[in-house]
Each structure stands twice: as C-alpha cells, then as structure tokens.
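Encoded as structure tokens, the structure appears first; notes follow it.
The values are calculated or read from the model by the stated rules, or taken from the named source; none is laboratory data. Worth saying up front: this structure is predicted, and the values here are computed from it rather than measured. Cβ sites come from the backbone with ideal geometry, for glycine too, and all protein chains shown count toward neighbours.
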Amino acid sequence: MYQYNDIDQTLVDERVAQFRRQTEQFLKGEISEDQFRALRLRNGLYVQIHAPMLRVAGPYGLLNSKQLRKLAHIARHYDKNYCHFTTRQNIQFNWPKLDQVPDILEELATVQMHAIQTSGNCMRNTTSDHLAGVCVDEIEDPRPYCEIIRQWTTLHPEFDYLPRKFKIAVSGALHDRAATQFHDIGLHLVKNDADVVGFKVLVGGGLGRTPVIGQVIKPYLEKKHLLSYLEAVLRIYNLFGRRDNKYKARIKILVKETGMDQFSALVEREWQLIRDNNELSDERISAIQAQFVDPAYELDATADLSFAQQQQDHKAFATWVKHNTADHKTPGYRAAFVSLKAPDSPPGDITDTQLDAVADLADRYSFGEIRATHRQNLILADVKQADLYALWQQLDALKLATPNIGTVTDMICCPGLDFCSLANAGSIGIAKEINEALDDMDYIHDIGDLKINMSGCMNGCAHQSVGHIGILGVDKKGVEWYQLTLGGSSENNAAIGERLGPSVAKDQVTLTIVTILNVYVKLRLEDESFLDMVNRVGITPFKEQVYANH
Amino acid sequence: MQIIKDQKIIDNTWNYIADDAELKAGDISVSLARWQQDKPQLLARDGKLGIRLGATDSVAELADDLAHIQLIELDFPDFADGRLFSQAWLLRGRYHYQGEIRATGHYMPDQVFYLSRVGVNAFSAEKVEDLPVTLSHLHDFTVNYQNSIN
C-alpha cells in the first residue's frame with residue numbers, strides 16, 4: 001500500500017492549514033457564504049439537513065488498520081459513533097461540527113488521509129476494483145496507476161474549477177468491478193497485439209439524472225501517455241463543457257452535444273500538442289509499483305486441512321465462505337468480505353467499535369489492510385484459508401458476517417431523506433423494510449445474484465439506474481413515491497435499467513420487490529440469474545404482476 | 001489603484017478603455033472585440049497595449065497578435081469559471097506569451113496559488129485592502145504534484 005513521502009505529507013498538512021484559515025475567515029465573516037461553499041466542498045464538507053457532512057477520501061478504496069482506528073476515533077470524538085462507506089469507496093461522517101472540521105482533517109493527516117476534492121466541481125477520488133492485486137482475472141494491478149492519477153488530480157491548478165464534478169475509475173481485470181463504463185473517464189488495463197499492457201480509455205459515462213454508458217475514445221493508449229491524455233481530455237472539457245446549466249454540465253453532455261467523432265478529434269488534436277511534454281517514465285511507474293508489492297504470502301497455505309473440515313462441520317461457516325469470500329490469486333488464500341449490510345443496520349454504516357475490531361482483524365489475518373467496495377462493504381483481501389473460520393466467528397460476533405454479499409439484501413443505498421438535503425424520499429427505511437420481509441437466508445441464497453440499488457433522489461448516488469432492480473425516490477406533491485427499474489448493470493454488460501411502470505407508493509415498495517422476486521422464481525430457467533432472465537423475457541411479465549391490481 | 005505584479009504590490013499604470021470610449025494616450029487595455037475592430041488604430045498609437053479576455057473568448061484568436069500585446073487581462077465573471085485557468089495555460093504553454101497576464105474581476109484570493117501556477121503573474125483586487133492577504137496566498141503550498149507553467 002502506498003506510503004506518503006515528504007511531499008505528500010507536506011501537501012496534506014498545508015491543505016489542513018489552508019482550510020483552518022478559510023474556516024476561521026468564514027466564521028469571522030471575511031469570506032462570503034458562496035465562496036466558502038466552493039472552498040469547503042473541495043475539502044469534502046457539505047451542509048446537510050441536520051449538520052455538515054464530511055466525506056473523507058478512501059484512495060481507490062485502500063485503507064490500513066491505523067487509518068481505520070483513526071476513523072473510529074473520529075466517529076467517537078467528533079460524531080455519533082459511526083460512519084458510512086459510500087459507493088465511491090469514500091467515508092462519510094454525518095454529524096461533525098463545522099468549527100471542528102479542521103481538527104478532524106488534522107487528525108486524518110496524521111494517518112496519511114484527507115478529504116481533498118471529495119466533493120465540488122473538480123476531479124474526485126479515483127476508484128478501482130476492490131479485488132485489485134488479488135483477483136484471479138487480472139491483466140495488471142491497477143492500483144499504481146490509481147495512485148499516479150490521485151497525485152495528478154490533487155490540487156491540479158488548471159482543473160479545480162470544472163463545469164461539474166469529474167470521476168475517474170480504473171480496472172485491471174477482465175471482469176469490470178469498478179463500474180468504469182459509468183465514469184467520466186473509465187480506464188481499462190488491456191494488452192495490445194504485441195502483448196504490451198496499456199489503457200483502453202472510455203469517456204462520457206455517468207449516472208445521475210441522465211445515465212449514459214461511456215464510449216471508447218482511445219482503444220489503446222501507451223502507459224507513458226496516461227497523464228498527457230488525461231490532461232487533453234480535461235482541457236477540452238474545461239474549455240468547452242457547458243457552464244450555463246448544471247444539469248447539462250457533465251462531460252457526457254459535452255460528448256453528446258459535440259458528437260463523439262468531433263469530441264475525440266478535439267481531444268486528439270490537443271493531445272498531439274502536449275503528448276511529448278508529460279511522459280510517464282518507466283522509472284516513475286516502477287517506483288509506484290514498488291509500493292504495491294505482494295505481502296509475504298505463506299507458500300504452504302494450501303497444506304491446511306482444517307478449512308475443508310470446518311466447512312463440513314459448520315453449515316453457517318460454509319454458507320459464509322460461499323457468499324462472502326472470493327477467489328484469490330495465491331493458492332490457500334481468499335478475500336473475505338466484511339458485510340456492512342446487516343438486516344437491522346443502514347447499508348454501509350459501521351460503528352466505532354466495529355471499526356476498531358475490523359482493524360484488529362486486519363492486523364491479525366490480512367496484513368493490516370482493508371478495502372472498501374463500491375457496493376458499500378469492506379474486504380480483508382489476503383486471508384489464509386486456515387484463518388477463515390476464526391475470522392468468521394469474530395465477524396459474526398460483530399454482526400459483520402451476514403452471508404449476503406451479492407444477494408438481494410446487499411443493497412446499495414444512499415442516506416436519503418434521513419440525512420441528505422437533496423433527497424426527495426427516504427431510502428434507509430425502505431432498505432430496512434425489504435430486509436425484514438426477506439429474512440429467510442435460504443430464500444435469499446436461492447434468489448442468488450441480485451443487485452438492488454436505491455437512491456432517494458434522481459441525483460442517483462446509489463446508482464439505481466444500474467441496479468438489477470433500481471429504486472428511485474421521487475417527490476409527488478410532498479409525498480414520497482418510488483420509481484422502479486429492471487435490468488440495469490454496471491459491469492461488463494453495462495446497461496441502464498428499464499422503467500417498470502408508474503411509481504409506487506411508499507408502503508407498496510417492499511410488496512413490489514417481493515412480487516418481482518416471485519415472478520423471477522416462477523419464470524427462471526435452471527441456474528438463470530435474475531439479470532439474465534430480465535434480459536431474456538423483458539419487463540412485461542414483471543409489469544403484469546406488479547400492476548395486476550391497478 | 002494598486003495591484004500585485006510579480007509578487008509585489010505596485011501602482012497600476014494601465015488605463016481601462018471601455019468599448020464605446022475614445023482611445024487615450026499611454027498604456028491602455030481594450031476588449032478583444034475592440035482589438036479586432038480597431039486593430040490598425042491601436043497598432044499605430046504610442047504606448048503599450050493590453051487586451052481583456054472574458055471566459056468565453058478564444059485565446060487562439062490572439063495567437064498571431066501576441067507580439068503587439070504587453071498585457072492580457074483575464075476577467076473572471078465568477079470565481080467558479082475555470083475556463084480562464086486553461087486560457088492562462090494556453091497563453092503561456094502553447095503560445096509562449098511573455099507579457100503580463102493579470103487576473104481581474106470576481107476570482108477569489110484563495111485561487112491565486114493555482115492562478116500563479118498556470119502563468120498568471122498579476123492580480124487586481126476587488127478591494128485594495130485585500131492585496132496583502134492575496135499576496136500571502138501565493139504561498140499557500142510549497143509543494144505540488146503536476147507540471148504546469150510554474
């Protein structure tokens with residue numbers, strides 16, 4: 001995992017000092033509300049319904065145990081004993097006090113963390129595959145490139161006041177676990193005909209009000225040109241992106257209105273002029289790669305026999321292994337999910353005591369590292385199979401072992417009307433209700449791979465448009481209603497969900513989900529996943545049942 | 001009226017000429033439109049010439065004229081309008097403009113570090129009393145991650 005050098009640390013420390021000064025000036029009335037808004041957003045600070053909300057960057061989802069303990073400490077001392085993991089691998093605190101935020105940022109800086117550019121119309125935290133470096137289908141580890149991009153995007157003098165926010169995701173595997181087709185720029189590590197790894201570059205994807213699947217702008221880009229190409233795209237966007245209407249200001253609209261051919265010609269012309277000035281050297285790439293070397297895996301990890309035995313002896317453990325662990329490139333190791341989707345807790349939330357405990361487990365079983373996933377869970381990525389049983393027992397005691405990863409109750413959910421000032425409708429309450437209705441784990445496992453994403457408004461923080469089932473809260477004359485979509489996906493087969501029909505009342509949402517699941521169970525072919533079935537039969541059979549009594 | 005130039009607070013010696021005003025003697029600045037309209041007269045006069053660019057103006061239109069221009073003002077309609085950061089970069093990085101680039105209008109004192117990195121070397125302030133603070137913000141950071149102009 002990347003460790004800060006003096007430059008990194010100085011930059012973060014100076015940023016804290018700058019924001020402390022800005023906050024003091026604002027509180028003294030020396031900076032206007034409008035100006036402070038732009039400055040605080042670039043330090044992750046929103047003003048929400050109840051209190052400010054602070055979004056801390058989880059650089060491409062990677063955290064260490066020391067950082068997790070710091071988050072626990074902040075939750076305890078500055079917040080209400082919990083925090084929230086987001087779909088962009090960041091961490092949110094819902095109850096900080098404005099005048100304490102500089103102190104929180106100073107605490108974060110002591111463990112090489114910050115909240116720089118986690119909101120505002122600037123380049124945001126770069127996200128990546130939560131199984132980067134350990135998965136079995138990897139072309140190359142994307143994390144070094146994420147770190148190079150993290151540095152390049154941080155305090156970029158030319159691109160900090162963009163028309164709108166700008167998000168970059170990087171995937172290094174065959175299976176896209178980073179939703180790269182729904183980012184302003186998506187980067188895939190790919191091999192060319194000569195077997196040399198470079199980047200396939202996608203542009204103009206995005207969710208929110210107008211979901212768009214990104215298009216390939218550069219099928220193959222040599223690694224050395226990564227930063228110059230990003231610079232070219234950003235310069236064209238900064239100069240020509242719309243600034244007259246914030247709903248039309250994302251790069252996806254510029255690409256659409258300009259036309260992909262014309263847009264890509266503009267980028268190409270710009271890039272040709274700068275490509276030789278800002279090359280990424282092999283030395284630089286190697287130096288960053290050296291910070292992401294494999295931990296000291298035990299070579300005889302497969303020799304352990306207890307793992308198979310314990311699965312035989314303990315059905316609950318076997319179930320957890322099946323659903324909450326993933327294959328690892330190193331024989332005898334698995335990646336273990338820490339489910340933040342316990343039935344009675346808001347999706348993505350974790351308490352201070354759980355954070356401390358997970359930090360201890362990471363130290364004991366997974367080389368002290370933790371990852372955040374874009375589906376709002378955590379992962380201990382490098383667990384020896386011999387340790388999984390002990391890990392499971394401890395996670396279970398912490399209520400962090402609900403065996404529901406990838407299932408219908410592993411919902412992505414935004415904070416909704418409970419916290420967010422943008423929201424039209426609640427989402428946490430609906431998630432709880434769906435969880436209560438679907439309390440039979442065998443049924444949930446029989447339903448299998450099904451992703452429900454639920455957002456409390458059309459800004460779409462919970463990516464509802466790419467949920468296999470998407471739920472979108474809408475406001476109708478002061479009443480909360482919910483619009484459902486089916487068939488969305490953020491993975492390789494990227495698709496935007498199709499609207500099921502008229503929105504349903506709040507007290508009908510759970511019933512509607514149950515009806516949809518019943519249709520699936522009835523009509524599925526053997527081993528056919530929900531998404532495959534929707535793609536085969538379309539939405540009509542679901543529509544007929546859901547609206548049968550209307 | 002004072003401004004910041006090259007990290008010092010100095011007197012502004014330039015005269016602002018509105019589009020409907022008569023040209024004056026001495027150092028003057030005019031809009032891009034005025035320059036394009038009255039180029040011969042502007043070139044024939046004594047005194048230095050400055051051009052004011054707005055956020056929607058294209059820097060490329062000035063590329064062939066830069067040898068005649070000693071000042072370019074980047075006039076911020078709003079601090080959130082980041083186009084002027086790219087215009088400054090283009091002037092220095094692409095067209096190798098060596099004269100003064102001055103930020104004017106509604107930028108924030110907190111943006112001068114970035115502005116100076118993309119090649120802006122002079123700053124006029126909405127309030128003159130803000131100049132010392134603005135000057136100090138040029139040094140908000142001692143490190144950076146990217147190549148730019150400075």
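So here's what we get for this one:
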| quantity | calculated |
| --- | --- |
| From the options A:A301, A:A336, residue that is under 14 Å from A:D396 (Cα atoms), crowded, with 17+ Cβ neighbours inside 10 Å and among the hydrophobic types (A, V, I, L, M, F, W, C) | A:A336 |
| Extreme residue, farthest from the other protein chains (Cβ to nearest Cβ), among residues of the range B:76-90 that are among the small types (G, A, S) and not in a loop (DSSP other than H, G, I, E, B) | B:A88 |
| Qualifying position, being assigned by TED's automatic domain parsing to the domain that holds A:Q215, under 30 Å from A:D352 (Cα atoms) and not acidic (D, E), among A:A179, A:A173, A:A194, A:A115 | A:A179 |
| Criterion violated by A:Q3 - all others in (1) over 19 Å from the mean Cα position of the chain (by Cα); (2) part of a helix (DSSP H, G or I) satisfied | (2) |
| Condition met for B:L23 (more than 15 Å from the chain's Cα centre (by Cα), surrounded by 14 or more Cβ atoms within 10 Å (Cβ to Cβ), aliphatic (A, V, I, L, M) and part of a helix (DSSP H, G or I)) | no |
| Sole residue being touching a Lys or Arg at 6+ places or on another chain (Cβ under 6 Å), over 21 Å from A:T373 (Cβ atoms) and free of Cβ contacts under 8 Å to residues at least 40 places away in the same chain, chosen from A:T485, A:T540, A:T512 | A:T485 |
| Cβ pairs under 7 Å, 6+ apart, first in the range A:403-432 and assigned to a loop (DSSP other than H, G, I, E, B), second of a type in the set (F, W, Y) | A:P403/A:W320; A:I405/A:F337; A:A425/A:Y482 |
| In the range B:91-108, the residues that are outside any loop (DSSP other than H, G, I, E, B) and crowded, with 22+ Cβ neighbours inside 10 Å | B:L91, B:I101, B:R102, B:A103 |
| Number of the exception - A:T10 against (1) under 28 Å from the mean Cα position of the chain (by Cα); (2) surrounded by 15 or more Cβ atoms within 10 Å (Cβ to Cβ); (3) not hydrophobic (A, V, I, L, M, F, W, C) | (2) |
| Selected residue (only one of A:R20, A:R42, A:R37 is in contact with a helix residue (DSSP H, G or I) (Cβ under 8 Å, 6 or more places away or on another chain) and charged (D, E, K, R)) | A:R20 |
| Which listed residue, of A:L517, A:L511, A:L472, A:L484, is part of a helix (DSSP H, G or I) and within 28 Å of the chain's Cα centre (by Cα) | A:L517 |
| So A:L388, is it at pLDDT 95 or above and over 24 Å from the mean Cα position of the chain (by Cα) | yes |
| Residue satisfying condition, being surrounded by 21 or more Cβ atoms within 10 Å (Cβ to Cβ) and either more than 14 Å from chain B (Cβ to nearest Cβ) or of a type in the set (D, E, K, R) (or both), within set A:I185, A:I213 | A:I185 |
| Residue count, the range B:91-125 (criterion: among the aliphatic types (A, V, I, L, M) and facing chain A (nearest Cβ under 8 Å)) | 3 |
| Near pairs, Cβ below 6 angstrom, 6+ apart or cross-chain, from the range A:89-115 (over 27 Å from A:Q151 (Cβ atoms)) to any residue that is among the aromatic types (F, W, Y) | A:N94/A:F419; A:Q100/A:Y78 |
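Residue by residue, here is whether (1) buried (at least 17 other Cβ atoms within 10 Å of the Cβ); (2) closer than 23 Å to A:M454 by Cβ; (3) assigned by TED's automatic domain parsing to the domain that holds A:Q464; (4) basic (K, R) holds:
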position	(1), (2), (3), (4)
A:P59	yes, no, no, no
A:L63	yes, no, no, no
A:A72	yes, no, no, no
A:Y82	yes, yes, no, no
A:K97	no, no, no, yes
